[in-house]
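The values are calculated or read from the model by the stated rules, or taken from the named source; none is laboratory data. Remember, it's a predicted structure, so these values are computed and weren't measured experimentally. When we count neighbours, we look across all protein chains shown, and the Cβ atoms used for this are built from the backbone with ideal geometry, even at glycine.
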Amino acid sequence: MTLNSLGLDTKKTKEIATDLNHLLANFQIYYQNLRGIHWNIKGKRFFDLHVKFEELYTDANIKVDEIAERVLTLGETPLHTFEDYTAVAQVPVGKNISKDDLSVRLIVDSLTELLKIERLILDKSGDANDEGTNSMMSDFITEQEKTIWMMNAWLDE
């Protein structure tokens with residue numbers, strides 16, 4: 001087994017970095033979805049949702065940076081083109097969504113996909129003793145589960 005400068009198995013960290021790049025691509029689509037629904041939301045709930053969507057896209061933008069920097073920390077190169085993102089992303093793309101319930105449903109569906117990827121990374125990073133990635137995924141999962149709960153409460157589901 002070859003260890004990197006972090007003391008982690010290079011083979012395992014390369015695989016984790018690949019998975020983090022997959023997460024990065026999906027987060028970029030999620031971020032862009034949030035921008036789109038923030039710009040296009042209409043209706044009686046405009047003021048509340050417009051502010052909430054801005055809060056979510058600001059948080060997503062921070063997470064995008066954290067993911068990319070973790071990929072770099074693990075010695076790999078983060079994906080950084082929309083071509084790369086769309087080639088691997090599974091998060092649904094929300095186009096021209098302006099209705100409140102469809103906007104919130106898009107958030108729930110997107111976060112559900114992100115959680116699947118994050119849990120996979122959490123398992124692998126735990127196995128690799130990669131506490132930095134493990135902690136990041138744990139924090140992301142905790143926040144996103146709460147957001148899904150709140151969005152589902154809003155949807156009354």
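At a glance:
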{"read-out": "Some residue of region 48-70 being within 24 Å of residue 12 (Cβ to Cβ) and in contact with a Ser or Thr (Cβ under 9 Å, 6 or more places away or on another chain)", "value": "yes"}
{"read-out": "Test result for residue 140, in contact with an Asp or Glu (Cβ under 7 Å, 6 or more places away or on another chain) and either closer than 28 Å to residue 1 by Cα or not hydroxyl-bearing (Ser, Thr, Tyr) (or both)", "value": "yes"}
{"read-out": "Which listed residue, of 100, 123, is more than 16 Å from the chain's Cα centre (by Cα) and buried (at least 18 other Cβ atoms within 10 Å of the Cβ)", "value": "100"}
{"read-out": "Residue that is surrounded by the most Cβ atoms within 10 Å (Cβ to Cβ), among those in region 51-63 that are under 15 Å from residue 143 (Cα atoms) and among the aliphatic types (A, V, I, L, M)", "value": "56"}
{"read-out": "Helices (runs of 4 or more DSSP H) wholly inside region 46-134 containing at least 3 residues that are touching a strand residue (DSSP E or B) at 6+ places or on another chain (Cβ under 7 Å) and over 19 Å from residue 32 (Cβ atoms)", "value": "none"}
{"read-out": "Boolean, residue 130 is of a type in the set (D, E, K, R), at pLDDT 95 or above and closer than 12 Å to residue 20 by Cβ", "value": "yes"}
{"read-out": "Single match in 35, 70 (criterion: of a type in the set (Lys, Arg), under 18 Å from the mean Cα position of the chain (by Cα) and more than 18 Å from residue 144 (Cα to Cα))", "value": "70"}
{"read-out": "Test: residue 29 is out of contact with any strand residue (DSSP E or B) (no Cβ under 8 Å at 6 or more places or on another chain) and in contact (Cβ under 8 Å) with a residue 40 or more places away in the chain", "value": "yes"}
{"read-out": "Residue in region 63-82 that is among the basic types (Lys, Arg) and either touching a Leu at 6+ places or on another chain (Cβ under 8 Å) or at positive phi (or both) present", "value": "yes"}
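A quick yes/no check of all residues on (1) farther than 27 Å from residue 43 by Cβ; (2) hydroxyl-bearing (Ser, Thr, Tyr):
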{"residue": "74", "(1), (2)": "yes, no"}
{"residue": "84", "(1), (2)": "yes, no"}
{"residue": "95", "(1), (2)": "no, no"}
{"residue": "98", "(1), (2)": "no, yes"}
{"residue": "123", "(1), (2)": "yes, no"}
{"residue": "128", "(1), (2)": "yes, no"}
{"residue": "132", "(1), (2)": "yes, no"}
{"residue": "146", "(1), (2)": "no, no"}
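Residue-wise test of (1) of a type outside the set (A, V, I, L, M, F, W, C); (2) exposed (fewer than 15 other Cβ atoms within 10 Å of the Cβ); (3) more than 27 Å from residue 87 (Cα to Cα).
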| position | (1), (2), (3) |
| --- | --- |
| 5 | yes, yes, yes |
| 23 | no, no, no |
| 31 | yes, no, no |
| 37 | no, no, no |
| 40 | yes, no, no |
| 49 | no, no, yes |
